[in-house]
Every structure is written in structure tokens, then in C-alpha cells.
Amino acid sequence: RHRLARSWTTSLVFDHTDLGIIVTDTRANIVAVNPAYCRMSGYAAEELIDHNPRIQQSGRHDKAFYRELWRTLQASGQWQGEIWNRRRNGEAYPVWQNISAVRDSRGRVVQYLAVMSDITPVKAVQERLDHLAHHDALTGLPNRLHFMAALERSLAHADRERTSVALLFVDLDHFKSINDSFGHAVGDQLLAAVARRLQRTVRSEDMVARLGGDEFVVTLANLRERDEAVRIARKLLAELQEALDIDGQRLAPAASIGIALYPGDGGTPAELLAAADEAMYEAKRRGRHTFAFRPSPPS
Ligand SMILES: Nc1nc2c(ncn2[C@@H]2O[C@H](COP(=O)(O)OP(=O)(O)OP(=O)(O)O)[C@@H](O)[C@H]2O)c(=O)[nH]1
């Protein structure tokens, strides 16, 4: 009676858990799947029985990944980790999966048991958090954190390709008075419009980011000569200046732009940013709505 009760409980768990379960024989042919796995994968049990679980492979992992999985499983009797599978409708989805070797009383492996949970919702939250950590909510642009990491990569790329990178530090002129005169909401919309204008003016390999407040940066990759940076700075000033209507206010945003060139003005992202910031202050000193390079130190 005890054995019966136990087997009844076991099948209750197998049928009612929301964890997907696959049982295979030692040659990895599927011998049983539970309803939760069928719901998760979109396959009917008959479509899976006698097949190899590889029918659910998403193509997102290479051969070495599965080889390592089997190696671990054979060596320790266990594998667990994140794995991308494919549903019957072709959609790839992430699961957290635990595979164990089931042994008989003499210690021989007789079956493999895979238990998995669909972690699509967890992944979506993770991706959202990751995006929030690296982007500015108002403009959708990369933030300082993301920007500094990307700049590091573009400097390394410039070294390999023997090209230069220009960093343009864009700070709006008298932005405070826009906030003060028309309110913060108008100021916010202006910042979002500036972000769009900066983005549409540069090429896709260039990067626009918001450092904070009314400070933006633009990096120009694969730069061959200093004049290209000057040309883009002029173009940005002109594009920004175009009048726009926000809540019935006609505004023409102006900015001061500081230009720093890699490697001449700095060898690291931080040095380059400091040089571009200094150059931006030079543009402010010269009366705003213009661009400048870093002033050379007095000799
Ligand atoms: N609307 C809005 N304002 C912001 C935001 N972040 C910072 N600010 C405001 O932006 C203004 C930045 O002013 P500053 O750059 O110091 O000075 P400015 O008035 O632009 O003058 P100059 O830079 O000297 O030409 C401050 O008034 C901040 O309160 C934001 O997210 N939204």
C-alpha cells in the first residue's frame, strides 16, 4: 500500500508541477515528457517520444556547449545551467535546466532526467534592468556608464585600424533659462529633441550619449583628419539651431561644442572626456553657440 501511495504521489507531481520534465533512456531517446513540458514547448507527447531531445535545440549554442554538457553529466551525474531551447512554433526561449543521471541499484546509469523552468519572464526583466542601467530614461540615449565602456572599445578599434576618434562635448547654451521661463516639462522635451537631432546628424557607427543634465557627447569613429570633426561640429550647431515648437513655444536650441581628438588630446576615455570638457568651456568663453579645441597651454 505504501508503494502504491508513493507511486500515486509521484505521478501527481509529474502531471501537475509547472516544471517541464523529460525522461530519456541512456541513448538519449525520450521515453516520457510531462504536461508542463508539452505546454512549454508546444509539442504533443507523441511528437517527442522516441526522439532525441536535440529536436528542441535553438541553434544558439555551438557544438562545444553540448559536448561540455555531456562531459559534465557523464563525469558528475549532474548538469545545470541556462539553455536556449526552441518551441514547436520556432521561437527560441531560455530555460533553467537540471539534468541528472538516474542509476539502478548497481550504480549503472539507466535514464536521464531533465527538469526545467521557462525563464522567459525573468530574462525580460533582466534585459529591461540592463537597458535601464545603461540608458537615459528621458532621451533613450546611452548614459555615461555605457558611453565610457563603448568609448574604450572605439579607442582600441582606432589603434588597430590606425585611425583617430573625435569626441565632441555638447553643452546647451542657457538651458537653465528655458527651464525657468517655460518650465521643466518643456526643458525635458527640448532635451529629447536635441537627442534626436544629434542622432540623425551622425553616422550609424558614431555614438551619441547623454552624460547628464544638458550635456551630451558624440564620438566620431574612423576619423582620418581633424577637419572632419570641425565639419560635423558645424553641422551639429546648424541642425540644433533649427527652430522647433514645444507646447506652443518656438525654440531654437543653441550649444557650445568642445572637440578632443584621440590620441593627441588624451590616451584614455577619462582623459579624452576631460579634454573635450575643457574645450567646451573654451567655446563658452568665446561667446557660446560655437565649437573649440582645447586651448594650448601658455608657453
Ligand atoms: N528640464 C530638465 N532640466 C534639467 C535636467 N537635468 C538638468 N537640468 C537643468 O539644466 C540646467 C543646466 O544648466 P547649466 O548647464 O549649468 O547652465 P546653462 O543655463 O545651460 O548655461 P551655460 O551652460 O553656461 O550656457 C540646470 O538648470 C538644470 O536644472 C533634466 O533632465 N530636465
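Please treat every number below as a calculation from the coordinates, not as lab data. Quick caveat: nothing in here was measured; it's all calculated off a predicted structure. When we count neighbours, we look across all protein chains shown, and the Cβ atoms used for this are built from the backbone with ideal geometry, even at glycine.
Points worth noting:
- Once the Cβ-Cβ distance of Glu225 and Ser58 is raised to the sixth power relative to R0 = 41 Å, the FRET efficiency obtained is 0.35.
- If the segment from Asp188 to Glu239 were pulled out straight at 0.36 nm per residue, it would be longer than the present Cα-Cα gap by 16.5 nm.
- A simple packing score, the average count of other Cβ atoms within 10 Å per residue, orders the peptides 42-51, 100-109 as 42-51, 100-109, with the highest score first.
- Size of charge dipole - the stretch 71-160 - debye, nearest 20, with Cβ of Lys, Arg +1 and Asp, Glu -1, no other charges: 500
- Residue order for Phe182, Phe169, Phe65, fewest other beta carbons within 10 angstrom first, comes to Phe65, Phe182, Phe169.
- The charge dipole of the stretch 2-125, taken about the Cα centre with unit charges on the Cβ atoms of Lys, Arg (+1) and Asp, Glu (-1), comes to about 360 debye, rounded to the nearest 20.
- Selection among His146, Gly183, Ala158 by position relative to the dipole of the stretch 130-230 gives Ala158 as farthest towards the positive end (Cβ unit charges, Cα centre).
- When both bridge partners sit in the chain, DSSP labels roughly 95% of those beta bridges antiparallel.
- When only Cα pairs below 8 angstrom with a gap of at least 6 residues are kept, the stretch 2-125 shows a relative contact order of 24 percent.
- Normalised contact order of the chain, rounded percent, pairs of Cα under 8 Å and 6 or more residues apart: 13
- Most to least packed among 172-181, 251-260, 159-168 [average Cβ atoms within 10 Å]: 251-260, 159-168, 172-181
- Contact order relative to length of the stretch 163-299, as percent, for alpha carbon pairs under 8 angstrom and 6 or more apart: 30
- Prolate/oblate/rounded call for the stretch 2-125, Cα gyration tensor, a/c under 1.5 rounded: oblate
- Cα centroid of the stretch 63-93 to Cα centroid of the stretch 109-137, whole Å: 15
- Panel order for Thr24, Thr9, by other beta carbons found within 10 Å of each beta carbon, from fewest to most: Thr9, Thr24.
- Degrees, to the nearest 10: 120-134 long Cα axis against longest axis of the chain: 20
- Note on Arg162 and Thr120: the model spin-label points, each 7 Å out from Cα along the C-beta direction, lie 5.1 nm apart.
- C-alpha long axis of helix 144-161 to longest principal axis of the chain, angle in °: 80
- Principal-axis tilt of helix 269-285 within the chain, Cα atoms, nearest 10 degrees: 30
- Most positive-pole-ward Cα, Tyr93, Ala32, Gln74, against dipole of the stretch 2-125 from beta carbon charges: Gln74
- Classification of the stretch 127-260 by its C-alpha gyration tensor yields an oblate form. The axis ratio a/c (a ≥ b ≥ c) is 1.5 or more, and b/c is at least a/b.
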